[in-house]
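Asker: Dumping the structure here so I can ask a few things about it.
The values are calculated or read from the model by the stated rules, or taken from the named source; none is laboratory data. All figures in this text were calculated on a predicted structure; none of them were measured in a lab. Glycine also receives a Cβ, built like all others from the backbone with ideal geometry; neighbour counts cover every protein chain displayed. To get the accessible areas, we keep the full protein, side chains included, count just its heavy atoms, and leave off ligands, DNA and RNA. Shrake-Rupley method; radii C 1.70, N 1.55, O 1.52, S 1.80 Å.
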Amino acid sequence: QVRVAESGGGLVQPGGSLRLTCAVSGFTFRFYTINWYRQAPGKERDLVASITPTDRLNYADSVKGRFTISRDNNKNMVYLQMNSLQPEDTGVYYCYAPAGGGLWGQGTQVTVSS
């Protein structure tokens, strides 16, 4: 079964950290660019970070220097380490893989609030 699933969200204070995990299955993971998107309340879903099969990284300007994306091809997982979180980072974080016509996970909620 082709599937992506996110985990690791939660409530964190400003300045805190979280690590999100995207677990994928059902396709040859290592051949695909994997993306993290964020959807803030009332806003569109925006690209946050992506990692290619050759480990080329791309970040939205708003998260550069604070977020780090990485992948483990042996475990079929992609991680998003988020440091120095701010209230504007609040939203539902989604993992997306351009496989099987395009796969979205169910999302994981990140709330940054004091």
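Asker: Only one of these conditions is not met by Thr52: (1) open to solvent by 20 Å² or more (accessible area, probe 1.4 Å); (2) among the β-branched types (Val, Ile, Thr); (3) without any contact (Cβ under 8 Å) to a residue 60 or more places away in the chain; (4) closer than 17 Å to Val2 by Cβ. Which number is it?
Answerer: Tallying (1) open to solvent by 20 Å² or more (accessible area, probe 1.4 Å); (2) among the β-branched types (Val, Ile, Thr); (3) without any contact (Cβ under 8 Å) to a residue 60 or more places away in the chain; (4) closer than 17 Å to Val2 by Cβ, Thr52 fails exactly one: (4).
Asker: Then there is this: Taking the conditions exactly as written (more than 14 Å from the chain's Cα centre (by Cα) and surrounded by 14 or more Cβ atoms within 10 Å (Cβ to Cβ)), does Gly42 satisfy them or not? Give the derivation first.
Answerer: On the way: more than 14 Å from the chain's Cα centre (by Cα): yes; surrounded by 14 or more Cβ atoms within 10 Å (Cβ to Cβ): no.
Considered against the rule, which asks whether it is more than 14 Å from the chain's Cα centre (by Cα) and surrounded by 14 or more Cβ atoms within 10 Å (Cβ to Cβ), Gly42 comes out as no.
Asker: Which numbered condition in (1) part of a loop (DSSP other than H, G, I, E, B); (2) surrounded by fewer than 17 Cβ atoms within 10 Å (Cβ to Cβ) is the only one that Leu47 fails?
Answerer: Just one mismatch for Leu47, condition (1).
Asker: Open to solvent by less than 40 Å² (accessible area, probe 1.4 Å), of a type in the set (Val, Ile, Thr) and touching a Gly at 6+ places or on another chain (Cβ under 8 Å) - does that describe any residue in the range 17-38?
Answerer: Looking through the range 17-38, at least one residue is open to solvent by less than 40 Å² (accessible area, probe 1.4 Å), of a type in the set (Val, Ile, Thr) and touching a Gly at 6+ places or on another chain (Cβ under 8 Å).
Asker: Every residue in the range 65-105 that is within 12 Å of the chain's Cα centre (by Cα) and either exposed (fewer than 13 other Cβ atoms within 10 Å of the Cβ) or among the small types (Gly, Ala, Ser) (or both), please.
Answerer: If the condition is that a residue be within 12 Å of the chain's Cα centre (by Cα) and either exposed (fewer than 13 other Cβ atoms within 10 Å of the Cβ) or among the small types (Gly, Ala, Ser) (or both), then Ser70, Gly91, Ala97, Gly105 are the ones that fit.
Asker: Which condition number does Val112 fail, the rest of (1) over 22 Å from Gln13 (Cα atoms); (2) open to solvent by less than 40 Å² (accessible area, probe 1.4 Å); (3) in contact with a Gly (Cβ under 8 Å, 6 or more places away or on another chain) being met?
Answerer: Exception for Val112: condition (1).
Asker: Of the residues Arg45, Arg66, which single one is within 16 Å of Glu6 (Cβ to Cβ), in contact with a strand residue (DSSP E or B) (Cβ under 8 Å, 6 or more places away or on another chain) and not aliphatic (A, V, I, L, M)? Step through it out loud before you land on a result.
Answerer: Values: Arg66 fails: within 16 Å of Glu6 (Cβ to Cβ).
Residue meeting the stated conditions: Arg45.
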